[in-house]
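A.B. asks: Have a look at this one.
The values are calculated or read from the model by the stated rules, or taken from the named source; none is laboratory data. Just so we're clear, the structure is a prediction, and the values are computed from it rather than from any experiment. Note that we place each Cβ from the backbone using ideal geometry, even for glycine, and neighbour counts take in every protein chain shown.
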């Protein structure tokens, strides 16, 4: 099975995350893998939204989560039986398909019950003359099972409780045998015994079955019609007729009406719980309209999932799209510290201490001797300029600078002017729409020992808007801190023009005296020369929280 492969960055994606996902997916397709699609694990921030519009590039596919669903593991060609089909049909399905549970469906494909294999076994093991004689069936299902045709009467679909007798004895003995039963409940099976045929009809039995495809006298047919007795001719011999007549019961009459079910849209874990704890060997997977989609058994839990991930711009599951831990991770391309999850197989894991994941992706184009189109080159260029703040961040390396020069030439852009255009178009905090989006647009979690903290970052031109909004931003930080259970939550507001940061911090008051930066007012620290979260602020915060 060909898996769908998603190239995806971290939650709350920034421009580097989106650009590297789009560009690497493009490279993989250029190398012949059409299964690869760029995706994103969060909404676009204003900068990336502007950039994609500027370059005419479609936003990646949004994946709120990649938790495997029931629909991902079921086979959509379940073996079923119609509710009005005879038990014989169910037996044939069990025999030919090696199944243990058979769903019984109505005309709309909605399950009305299930027939477990053990139910069939229990019915086959019925003993005692009276039990063996009982048949719950309709005339229609009896005729179908016997491959019979009506010579008198019609294929009534109503299920009746009938008693089965074989007329293989002298007429007097036979009449004596059936005398204790209501004639309207009798099914008489006989061959070309005209006396038995007439005696049964005159007695007023419900159904007379003549076996062996033997001819039936016209006077017998007329008599049956006049007395309202159904008459069927079957090509089967008497033994086969009796055996099959007992299998004419409509399956719905034998179906267990209660069964375990799960919607195809539910998480796979829900199916796992039902299979492991319900005691049932199978669970019916239902479409949204209630119709049957498939039958899941424990083996379904081992079915290969139809999609996998390539992670870019992160390697920690805490930053990945929810559900990533349940999927196969095929590759990782990143420029952050390692915190990667274990994998069951060796995978390409490409990391480098550069300023942007886009720098690494651009090098992979070069390695494979594929020149990116001008549009993709511009996107990669934007990712580097964004993450390195137009090559001003201390994370910038000679590799970033060389890559920027090369990409700018391919894209036909002057990189400094393009970088200024990117930040000028997205440097307003009001462009985020709400304080919550300002805080959350590029918010990442980190840890020091047992303490977890989060830091977001936005770039601006001047602090005028920040000074107006800092009260609302602090409230948004407090809400984020409570939601994620953090020791502290902070927002870096980095001014590109002065190459400095105002750090707004909520929580962590016990550590403020260790910050080592001027505090012009409560909860705000002035950090001149600080532009990088990864290389400057986070390492500093880890030392602060560690008491060093």
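A.B. asks: Taking residue 353 as the residue in question, decide whether it is more than 20 Å from residue 422 (Cβ to Cβ) and assigned to a loop (DSSP other than H, G, I, E, B).
C.D. replies: Here the answer is yes, as residue 353 does meet what is asked.
A.B. asks: State yes or no: is residue 296 more than 29 Å from residue 452 (Cβ to Cβ) and under 13 Å from the mean Cα position of the chain (by Cα)?
C.D. replies: no
A.B. asks: I'm told residue 450 meets every condition in (1) in contact with a helix residue (DSSP H, G or I) (Cβ under 7 Å, 6 or more places away or on another chain); (2) without any contact (Cβ under 8 Å) to a residue 40 or more places away in the chain except one. Can you identify the failing condition by its number?
C.D. replies: (1)
This table checks each residue for (1) closer than 30 Å to residue 229 by Cβ; (2) surrounded by 18 or more Cβ atoms within 10 Å (Cβ to Cβ); (3) more than 41 Å from the chain's Cα centre (by Cα); (4) at pLDDT 85 or above.
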site	(1), (2), (3), (4)
50	no, yes, no, yes
73	no, yes, no, yes
86	yes, yes, no, yes
98	no, no, no, no
101	no, yes, no, yes
128	yes, no, yes, no
150	yes, no, yes, yes
155	yes, no, yes, yes
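A.B. asks: Still on this structure, please answer the following. Anything in the range 293-315 that is surrounded by fewer than 21 Cβ atoms within 10 Å (Cβ to Cβ) and part of a loop (DSSP other than H, G, I, E, B)? List them, or say none.
C.D. replies: 297, 303, 304, 305, 306, listed by residue number.
A.B. asks: Of the residues in the range 255-264, how many are in contact (Cβ under 8 Å) with a residue 60 or more places away in the chain and touching a helix residue (DSSP H, G or I) at 6+ places or on another chain (Cβ under 6 Å)?
C.D. replies: 2
A.B. asks: I'd like the residue in the range 398-444 that is assigned to a helix (DSSP H, G or I) and touching a strand residue (DSSP E or B) at 6+ places or on another chain (Cβ under 8 Å) and, out of all such residues, is modelled with the lowest pLDDT.
C.D. replies: Of everything passing the filter in the range 398-444, 426 is modelled with the lowest pLDDT.
A.B. asks: Could you go through the range 27-45 and let me know if any residue there is assigned to a loop (DSSP other than H, G, I, E, B) and crowded, with 23+ Cβ neighbours inside 10 Å.
C.D. replies: Taking the range 27-45 first, the residues assigned to a loop (DSSP other than H, G, I, E, B) are 31-35, 41-45.
Next cut, crowded, with 23+ Cβ neighbours inside 10 Å only: 41, 45.
Yes: the range 27-45 contains one or more residues that are assigned to a loop (DSSP other than H, G, I, E, B) and crowded, with 23+ Cβ neighbours inside 10 Å.
A.B. asks: Take residue 539 and tell me if it is exposed (fewer than 15 other Cβ atoms within 10 Å of the Cβ), at pLDDT 90 or above and under 25 Å from residue 393 (Cα atoms).
C.D. replies: yes
A.B. asks: Given the conditions (1) within 30 Å of residue 280 (Cα to Cα); (2) modelled with pLDDT under 90, and given that residue 113 satisfies all but one, which numbered condition is not satisfied?
C.D. replies: For residue 113, the exception is condition (2).
A.B. asks: Okay, next question. Say we look at the range 1-15 and pick out the residues that are within 19 Å of the chain's Cα centre (by Cα) and outside any loop (DSSP other than H, G, I, E, B); which of these is surrounded by the most Cβ atoms within 10 Å (Cβ to Cβ)?
C.D. replies: Top of the filtered list is 8.
A.B. asks: Any residue at all in the range 475-483 that is surrounded by fewer than 15 Cβ atoms within 10 Å (Cβ to Cβ), free of Cβ contacts under 8 Å to residues at least 40 places away in the same chain and either over 42 Å from the mean Cα position of the chain (by Cα) or at positive phi (or both)?
C.D. replies: So far as the range 475-483 goes, no, none of its residues is surrounded by fewer than 15 Cβ atoms within 10 Å (Cβ to Cβ), free of Cβ contacts under 8 Å to residues at least 40 places away in the same chain and either over 42 Å from the mean Cα position of the chain (by Cα) or at positive phi (or both).
Residues checked against (1) without any contact (Cβ under 8 Å) to a residue 24 or more places away in the chain; (2) within 27 Å of residue 341 (Cβ to Cβ):
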{"site": "266", "(1), (2)": "no, yes"}
{"site": "276", "(1), (2)": "yes, yes"}
{"site": "281", "(1), (2)": "no, no"}
{"site": "291", "(1), (2)": "no, no"}
{"site": "300", "(1), (2)": "no, yes"}
{"site": "303", "(1), (2)": "no, yes"}
{"site": "307", "(1), (2)": "no, yes"}
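A.B. asks: Is there any pair linking a residue in the range 158-169 that is touching a residue at least 12 places away in the same chain (Cβ under 8 Å) to one that is assigned to a strand (DSSP E or B) and surrounded by fewer than 20 Cβ atoms within 10 Å (Cβ to Cβ), with Cβ under 8 Å and at least six apart or on different chains, and which?
C.D. replies: Filtered contacts from the range 158-169: 159/136; 160/136; 161/134; 161/136; 162/134; 162/136; 163/134; 164/134.
A.B. asks: Here is a check on your reading of the model: is residue 377 assigned by TED's automatic domain parsing to the domain that holds residue 18, farther than 27 Å from residue 501 by Cβ, outside any loop (DSSP other than H, G, I, E, B) and touching a helix residue (DSSP H, G or I) at 6+ places or on another chain (Cβ under 7 Å)?
C.D. replies: The answer is yes for residue 377.
A.B. asks: What's the number of the condition residue 18 fails, among (1) over 27 Å from residue 305 (Cβ atoms); (2) crowded, with 21+ Cβ neighbours inside 10 Å?
C.D. replies: Status for residue 18: all satisfied but (1).
A.B. asks: With the range 180-292 as the region, which strands (runs of 3 or more DSSP E) entirely inside it contain at least 2 residues that are assigned by TED's automatic domain parsing to the domain that holds residue 107 and under 21 Å from the mean Cα position of the chain (by Cα)?
C.D. replies: Numbers: elements: 186-190, 207-210, 230-233, 261-263, 283-286.
Of the strands (runs of 3 or more DSSP E) lying wholly inside the range 180-292, those with at least 2 residues that are assigned by TED's automatic domain parsing to the domain that holds residue 107 and under 21 Å from the mean Cα position of the chain (by Cα) span 261-263, 283-286.
A.B. asks: Shifting gears a bit: Which one is farthest from residue 209 (Cα to Cα) among residues in the range 130-143 that are out of contact with any strand residue (DSSP E or B) (no Cβ under 6 Å at 6 or more places or on another chain) and at pLDDT 85 or above?
C.D. replies: As a first pass, look at the range 130-143 and keep what is out of contact with any strand residue (DSSP E or B) (no Cβ under 6 Å at 6 or more places or on another chain): 130-132, 134, 137-138, 140, 142.
Within this subset, residues satisfying the condition of being at pLDDT 85 or above are 134, 137-138, 140, 142.
On the way: 134: 16, 137: 14, 138: 14, 140: 13, 142: 10 Å.
Among those that are out of contact with any strand residue (DSSP E or B) (no Cβ under 6 Å at 6 or more places or on another chain) and at pLDDT 85 or above, it is 134.
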